Each structure stands twice: as C-alpha cells, then as structure tokens.
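Worksheet: one structure, shown below.
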Number of protein chains: 2
Amino acid sequence: MTSGRVTIADVARRAGVSTAAVSKVVRGAYGVSAEMQAKVTQAIDELGYRPHAAARALRGRTYTLGVMLSDTRNPFFPDIIEGVTGGLAGTEYQVLLGPGGIEPKTQARVTDAMIDRSMDGLILISPVMTDAELTAIATTTPVVVVGRHGGAAAYDAVVDDDVMGARLVVDHLVGLGHTRIAHITHLERARAQGLPHTVRADGYRQAMRAHGLADDVLATSFTEEGGYEGARELLARGGRPTAIFAGADIAALGVLRAADEAGLSVPEDLSVAGYDNIGIASLKRISLTSVDQDGQVIGATAARLLVERIEGRTRSVTSSVSPTLIVRGTTGPPRR
Amino acid sequence: MTSGRVTIADVARRAGVSTAAVSKVVRGAYGVSAEMQAKVTQAIDELGYRPHAAARALRGRTYTLGVMLSDTRNPFFPDIIEGVTGGLAGTEYQVLLGPGGIEPKTQARVTDAMIDRSMDGLILISPVMTDAELTAIATTTPVVVVGRHGGAAAYDAVVDDDVMGARLVVDHLVGLGHTRIAHITHLERARAQGLPHTVRADGYRQAMRAHGLADDVLATSFTEEGGYEGARELLARGGRPTAIFAGADIAALGVLRAADEAGLSVPEDLSVAGYDNIGIASLKRISLTSVDQDGQVIGATAARLLVERIEGRTRSVTSSVSPTLIVRGTTGPPRR
DNA sequence: AAATGTGTGTAGAACGTTCTCCATTGCCCG
DNA sequence: CGGGCAATGGAGAACGTTCTACACACATTT
C-alpha cells in the first residue's frame, strides 16, 4: 500500500485467503472452487491488481514475447508487427520490439537483452547471425526466425516463398513479350546464408531458364541509390534490357529515376518491377508493379508458431507463405 | 549450473567471495578493493556471467527504457528510435519498443505492460491520452512525452517547434510570390490536446496573418487519400489556391496525385509543400518541399531527458527542437 | 468401519538480485 | 597502547511471484 503498487498479498488479505490461492486464480490453475474464484476476482477488481511481470519472471512465465527488428527503416516491418500483435490478440502475451540494427554485434546485444529479461520467446526478423549462433539462442529460449531460408532443427522459421515470387515476376514479364529481363540484387554478405535476396536471384535464374532465356544479374544494393546505379549500368549496355526486375521496391524506385533521366518512358521503353509492395508502390504517382508478401500473414504465423513452441511443441516447423503479384502501371508490353 | 544460466552465486563461488561482493563489483558500487575488483571481474569473464535483468527488477534498476510507438507505420519513427538508441550508446540502458496502436485503450495496455515489467523510464511518442492519464503514469515512472505540446509538470516533453515549421513554409511560399495559400490539416480529435497538426494549423494562420493574407484551412486526414480529397475540393473552387501546404508529407503525396489528375503541372500551376520530410520526399521522382524535424535530435534529446530524470531531476523540462525547411522541386513561383 | 480417493486450500521454499546493516581489519592519533 | 575511524567484505532480509508439497474435509469403495 505504501509503495503504491498493489501486490498479490494485498489481494489475498482483502479476499481473506492465501497468496497461493490468489496465484491459482490469476493463472487459471486447477483446484479452485467457484466461490474462491468469485471472492478473489472481486478483490482483484476492487484493488486494480495487475501481476508484476518482472516478479513472475523469476519463477514462471513472463508473458512477454520479443521481436528483434534488424532494420527499423524497412517499410515492410509494420505489417509484420501488426500481424504478430494481431495473431496474439486475445492471449495474455505482450509484444516488445528490440531495435537490433544491421550489425551482428548489436543484434546479439539486443537478443541477449531480451533473454536476460526472461522473455518467453523470440521472433527474429532477418537476423544476421550464423546458424550456430541462432541454434545457441534457440536452446535457451523458443525462437522463430522470419525471413531466412533453410532453418535448422532448433527453431521454427517463417519465410516468404521468394522463388515463387521471382517466378511470378518473370512469368508476368515474359507473358507481356519481354525476353531481355535483367535482375538487380543485393551484394552478397558472407556471414549469413539463405537471405531473401539470394533466393530471389536464384528464383529469377530458375524462371528465366524455364523460359529458355538468358539471365542477367547485377549486384548493387537494396537502396534507392543502388537501384539507380544498377539501372544506369544496365541501360548503358548494348542490347539493353526491356525490363528490369529489382529485388526490392526501394531499389525499383532508383530504377525509375534512372529511366526518367535516360528519357525512357515507363513502361513503353522499360518495364520495372519490384518486390515487397511497400506502401508507396500503390501511390498513383509511382504505381509500381511489385510482389506482395503479406507481412500480416507472416507475422501472425510467426506468432502462432512461437506460442505453440512455448506451450510444448518440440518438432521444428518451417512455414512458407506464398506471395502474390500486384500488377500496376510500371510493367507493360515492350515497344517493338 | 544445471539450469544453464550463470548466476551471481556461481561467480561468487568461483571467485571465493560473497554474492554481495560480486553485486558491488557489477554495479560499480563503493567499497571494493582493487584486488576484489580483479578477482571478480576475472570470474565474470571466465563464466560469461550476465546479470539477470528480471531478477534485478525486483530490487533495484532494470536498465530498460520503454518507448511507446503510437503508430508503427509512421515513417518518422525510425529516426526517433535511432536518436534514442544513439543517445543511449555507451550507457547500460537497453531500449525496448512497445507497439501502442492508435487507440487510447491499446496504448494504455502497452504502457501498463511496460510499467509491469519494471522499466526504469518511458518515452511516449504522440500518446493519445488525457493529461490526467499521462500525469498518473508519470507519478509511477519517469516519463518523457514526444510530439505533444503543452506538457505538464509531472513529465518532460520534447516537441518540434511546429509553429516555426509552418511559418517557414508560409514565408517561403510568400517569398516566391504566392498569396492564395491553402492548408490541409487533420480532423480534430477531441480527446488529446496540443497535437502537432493543431499547432501547425495555428502556426499557418499566424504566419498568414503576419503577411496580411487570408487563411484557408481544410480539415481532412493525414493520409494519401485525405490529401487527395482535400486538394480536389480546394482546386474545384473558384479562385483556387496557387499553393497548398499539407500538414504531413503523406497527405502532400495525395495532393500531388490530385494535381496530376487535374492536369496541373507542379510547381508551375500549383506549388505543394509537406511536413516531416519522410524518406521518399527526397526521391527525385517526388522531390517534395518539406519541413524536416530531425527525428534523431528529438530522439536523442528525449533519451537524455529521461536518463536525467531517472537519475534524480525532479524539475520538469520541455525541449523544443527547431525544424528546417528543405526546398525541393514542388515549390516555385506562381504562373502569372 | 477402515481404507482409499478426490477436491480444495495453505505453508513455505524457491527464483536471482540488491541493499541494509554489521563484523572485521588496519591505521592514525592522542 | 587503547580508542576511534575509515575501508572493506559478508549475512541475511527483502522484492512479488510460482510451485511443490502437504493438510484437511468429505465422499466413495472394500
């Protein structure tokens, strides 16, 4: 009473029962009579009691799930987060996000911090770590990894089917009559494997091969600048492509700028497609054809898998979410 | 040893001292000899000990700061978060973000959750609550409110000088020769006061009056659609404005779309300015004149104020950050 | 009528820290 | 050489929960 916070002991005193009994009621545990249930619930309401999560942490659950964000700036995250919180609505779990940054070191720091705070489970979004490190974390705490292909036995994984996404784009462009289709990807990072851009590039190559076409991959970076420079290089070549598939929307925006500057009209002279379907892709002024990942479904799936694992599942699961192609104004038949 | 986690007792055993002594060393408390310091530090390194934050919570600090995000989708947040984490670099504090949503109820839930987890302090970004609720929270835990004007005595506040920002835009447009300058604002919410859009609208009115011009404010919403519809209405009128100042960049994008559709060229027929300087405003394809808030400075300031308060300051502080105008391609002299 | 179960409640020991005393030591000073 | 004091280390009680025992009352079976 003096320190301001209402504790389980206050509730027990008010209801005239033991703290253990209150604990049982709060947790919905077995062995509580209807009468006890009523008494305690009333006392809780009267006092406005909320269990102290930090104290809970020492013994049992903390009902907190951590989400490590690798790059806060990624416009794709809000959808995932919305999916996670939405998938958890109705449960007692609370989501907290940790800004992990793009460095392995800072990501590890945030992950450790979440473990030190006794979180019940972790969702790691596009973590830049070795599989060994991930496995080490996963033996401490239930883990779901989002956005990395080829998950290990110790943790669950949710991935977008990037191979399929790339195929959707290539099929669409080929269907429009394009044959010279180039792909801009992100420069390879040695440390982590199975990152989306790698898989997208592979998917692009496979799809091109399936159509009997030659592939043409250029690695710059998934930034506006990276897309711009990649497109400039591609457009300067003889036999320039009639379509450019950028592995990320942000790079596609750079491609559009390069096309503007080169005096090429889109989509007549050059078709452009991206990946991620970020918010501004749908703005009329941009109207970018893109692959939509449905981050909400991904987030909700990750949340569901994590809760399952916390509640006891040990078998590892990998869930693949199918993307869809959103055709907009930046793709069309090539000018003959 | 058995449960995997290294505890302070393990360290104490290894170093041959008491747990109390280890605690002192860890906290850098007074009353530790150089020899003790060395012994314990070595044992900590050998065992890879990390203090268990959840256990700490029960007694002292938890070294965790919570940031409540009111709308994850706001492109302005990453900057603030970067500022906060940057401002905290070098300290022991860890930042965790809580997705608060736009509803007062969900925001309260997240805030409560953070308090229940014994966070040492909270940064609330654009909270939708009454001053009374904010004050109630602030008496429990140190609080810094970001993005709301007119803070109370119980907590600190960091705000962008929205009056100045609006004036910068109006001065710029008047300097170019505009006299019919309209403003699109966000529909008033009854519950919370001092929200940025209100202050921006006030600033706009003041600035117009200062130039002896008539103001023209239209309230829709700060969305692409809101900007679009507002602009359509403004442009349909007789004596249509030659410049539109949208209170947020996202709305300015809608204004641009409306101008495109109306066959008006920007900036010759219509100048457009926004607020927030979101990432895509700088893309060549958009090139939107906008007011930049420097979220990093705001975030870093909030972090500094919060730490100061945690460490004992009781006097309330409000810090106002000056915005700057970024002139780009969407504003120019009116066609005569 | 004794033995066995079943359902309900409580005592009290954890959990991993911090923090408030208190004990010990060594040193300085009168 | 004894008294006082500063510096250092430790014992043990918190902190607010959960959880494992166990006790008790009553019902059912042998």
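Each reported figure results from applying straightforward, stated rules to the coordinates on display, with no laboratory input. Keep in mind that this is a model prediction, so the values were computed, not measured. Here the Cβ positions follow ideal geometry from the backbone for every residue, glycine too, while neighbour counts run over all protein chains shown.
Dipole magnitude for region A:1-110: about 500 debye, using +1 per Lys or Arg Cβ and -1 per Asp or Glu Cβ, origin at the Cα centre.
Going Cα to Cα from residue B:284, which aspartates and glutamates come in below 13 Å? Please leave out same-chain ones fewer than 8 positions away. The reachable aspartates and glutamates, counting only those whose Cα sits under 13 Å from residue B:284, are A:224, A:225, A:260, A:261.
Computed over region B:58-99, the alpha-carbon pair-distance distribution with 10 angstrom bins reads 26, 50, 20, 4, each value a whole percent. Projecting the Cα positions of A:231, A:43, A:186 onto the charge dipole of chain A (unit charges on Cβ atoms of Lys, Arg, Asp and Glu, taken about the Cα centre) puts A:43 furthest along the positive direction. With a/c under 1.5 counting as rounded, go ahead and sort the protein assembly as shown into rounded, prolate or oblate using the C-alpha gyration tensor (a ≥ b ≥ c being the square roots of the eigenvalues; past the cut-off, prolate if a/b is larger than b/c, else oblate). Oblate is the answer for the protein assembly as shown, as a/c is 1.5 or above yet b/c matches or exceeds a/b.
Between the amide H of residue B:277 and those of B:249, B:291, distances stay under 5 Å, these residues lying 5 or more places away or on another chain, with hydrogens modeled in the peptide plane. Computed from the C-alpha gyration tensor, the three semi-axes of the ellipsoid equivalent to chain B are 50, 19, 17 Å, from longest to shortest. By the helix-only formula, in which each DSSP H run with n ≥ 4 contributes -39500 (n - 2.57) and the sum is divided by residues, chain A has a 222 nm mean residue ellipticity of -13500 deg cm²/dmol. Classification of region B:198-243 by its C-alpha gyration tensor yields an oblate form. The axis ratio a/c (a ≥ b ≥ c) is 1.5 or more, and b/c is at least a/b. Here's the picture: charge each Lys and Arg Cβ at +1 and each Asp and Glu Cβ at -1 in region A:1-131, and of A:126, A:32, A:89 the one pushed furthest to the positive end of that dipole is A:32. For region A:195-336, the normalised intensity computed at q = 0.14, 0.17 Å⁻¹ comes to -0.70, -0.95 (log10 of I(q)/I(0), Debye sum over alpha carbons, equal scatterers, no solvent). Ordering A:143, A:65, A:77 by Cα displacement along the dipole of region A:61-147 toward the positive end leaves A:65 in first place; charges were set at the Cβ atoms of Lys, Arg (+1) and Asp, Glu (-1).
Which lysines have a Cα less than 21 Å from the Cα of residue B:39, not counting those fewer than 8 places away in the same chain? Counting by Cα, and skipping residues close in sequence, residue B:39 has these lysines nearby: B:24. Amide H contacts of residue A:67 (H built 1.01 Å from N, in plane; Pro and chain starts excluded): A:96, A:97, A:98, A:123 sit under 5 Å, all sequence-distant by 5 or more or on other chains.
Between the amide H of residue A:318 and those of A:157, distances stay under 5 Å, these residues lying 5 or more places away or on another chain, with hydrogens modeled in the peptide plane. Taking the square roots of 5 times each eigenvalue of the Cα gyration tensor of region A:79-160, largest first, gives ellipsoid semi-axes of 19, 15, 13 Å.
Would region A:96-234 count as rounded, prolate or oblate if I go by the C-alpha gyration tensor, calling it rounded below 1.5 in a/c and otherwise prolate when a/b exceeds b/c, oblate otherwise? It comes out prolate by the Cα gyration axes. Note that region A:126-132 has calculated 3J(HN,Hα) couplings of 6, x, 9, 8, 6, 4, 4 Hz, one per residue in order, obtained from phi through the Karplus relation 6.51 cos²θ - 1.76 cosθ + 1.60 (θ = phi - 60°); glycine and proline are x.
Shown here for region B:1-106: GluC sites (Glu not before Pro) in loop regions (DSSP other than H, G, I, E, B) with at most 13 other Cβ atoms within 10 Å, namely B:92. Only the Cβ atoms of Lys and Arg (+1) and of Asp and Glu (-1) were treated as charged; on that basis the dipole of the protein assembly as shown about its Cα centre amounts to roughly 1300 debye. What you get for chain A, charging only the Cβ of Lys and Arg (+1) and of Asp and Glu (-1), is a dipole of about 700 debye around the Cα centre.
For chain B, a Gaussian network of Cα nodes joined below 10 Å ranks B:55, B:153, B:273 by mean-square fluctuation, and the top entry is B:55.
Sequence-ordered 3J(HN,Hα) estimates for region A:247-259 from the Karplus curve with 6.51, -1.76 and 1.60 and θ = phi - 60° stand at x, 8, 4, 4, 6, 4, 4, x, 4, 4, 4, 4, 5 Hz, glycine and proline given as x.
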